[in-house]
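These notes are about the structure you will find just below.
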Protein chains: 2
Amino acid sequence: MWKYDTSVVWHKNKTGDLRAAGNEKVEVATPPDFGGPSGKWSPEQLLTGAVGSCLMTTALYYLDRYGVDLQSYVNKTVGTMDKTPDGLAFTRVDVDIELTVTNDGDVEKARKALHSAEKHCPISAALLCPVQVDATVNRD
Amino acid sequence: MWKYDTSVVWHKNKTGDLRAAGNEKVEVATPPDFGGPSGKWSPEQLLTGAVGSCLMTTALYYLDRYGVDLQSYVNKTVGTMDKTPDGLAFTRVDVDIELTVTNDGDVEKARKALHSAEKHCPISAALLCPVQVDATVNRD
């Protein structure tokens, strides 16, 4: 069992500091669409970023396990929230991964690693809504 | 419908940068328990922090709506991940809220606002696992 501790301290004007021991603080706020200031991380962006970063960390695990010589990795992640009969809810998260490998022989391995990452990402598994992953594997 | 865009760019050694336009970047990494470095935000901490910060922003909305004169607000949020038959999964998130109000008459309103926040927090609503909220309302 693993436990992840964080805290949030409110400041004025719909903003606060998100902290975890040893990490740099993250300034958080209500999203601008709901009356908060711009330039701060909203909970909705953090959730979206949790999915995107988990796809990365999980992919790195499988890429390493499959012996892929990775050159670059980037993903864009879009979380969609909508009004539903039960109130505001995330209805989908879309992750677009682009990575580059050094060797021809690693292209297929990288695809398999990404498939495993998609299947086993614990943050995706925590969500009620679907997480759609699209991946492009390039050979440098 | 609202969309939240983020991106993650990998650096070496299980670390990367999480970005959203206009915000400061957040350094992310595989958690230390899974071979990553300490001092960076893991996806699991980000998910936990998304819940904690959403409870704050949603509470602020209802506190304002109910006319509560808020003096301070802090919450601690613990996300628990465990091995399950389906692999690693979040099994619960516990949020411990402590807030202080200025006026006696606001104590009960604040409790109601927190109850509404718990019910309507969109990040909690996005999760498969239960989110347990405990709240203490103090009069300054």
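Summary table below
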read-out: Members of the stretch B:62-78 found to be out of contact with any Leu (no Cβ under 8 Å at 6 or more places or on another chain) and at the interface with chain A (Cβ under 7 Å from one of its Cβ atoms), listed by number; value: B:76, B:78
read-out: Residue in the stretch A:121-133 that is farther than 18 Å from residue B:128 by Cα and at pLDDT 95 or above present; value: yes
read-out: Given (1) within 7 Å of chain B (Cβ to nearest Cβ); (2) hydrophobic (A, V, I, L, M, F, W, C); (3) open to solvent by 70 Å² or more (accessible area, probe 1.4 Å), number of the condition residue A:54 does not satisfy; value: (3)
read-out: Search result, residues across the stretch A:93-130 that are under 22 Å from residue B:49 (Cβ atoms), free of Cβ contacts under 8 Å to residues at least 60 places away in the same chain and either open to solvent by less than 20 Å² (accessible area, probe 1.4 Å) or not in a helix (DSSP H, G or I) (or both); value: A:93, A:94, A:95, A:126, A:128, A:129
read-out: Pair list, Cβ < 7 Å and 6+ apart or interchain, from the stretch B:23-49 residues that are at positive phi to residues that are of a type outside the set (Phe, Trp, Tyr); value: B:35/B:14; B:39/A:22; B:39/A:23
read-out: Residue ID - nearest to the other protein chains (Cβ to nearest Cβ), chosen from residues in the stretch B:20-51 that are of a type in the set (D, E, K, R) and surrounded by 20 or more Cβ atoms within 10 Å (Cβ to Cβ); value: B:44
read-out: Matching residues in the stretch A:79-101 - criterion: being more than 7 Å from chain B (Cβ to nearest Cβ) and touching a Lys or Arg at 6+ places or on another chain (Cβ under 8 Å); value: A:95, A:96, A:100, A:101
read-out: Count - residues of the stretch A:1-13 that are at the interface with chain B (Cβ under 7 Å from one of its Cβ atoms) and open to solvent by 70 Å² or more (accessible area, probe 1.4 Å); value: 3
read-out: Residue list for the stretch B:72-92, restricted to those being buried (at least 20 other Cβ atoms within 10 Å of the Cβ) and among the aliphatic types (A, V, I, L, M); value: B:81
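The values are calculated or read from the model by the stated rules, or taken from the named source; none is laboratory data. The structure presented is a predicted model; accordingly, all values stated were derived computationally and were not measured. With ideal geometry, Cβ positions are generated from the backbone for all residues, glycine too; neighbour counts draw on all protein chains shown. Heads up: the accessible areas ignore ligands, DNA and RNA and are worked out on the full protein's heavy atoms, side chains in. Shrake-Rupley method; radii C 1.70, N 1.55, O 1.52, S 1.80 Å.
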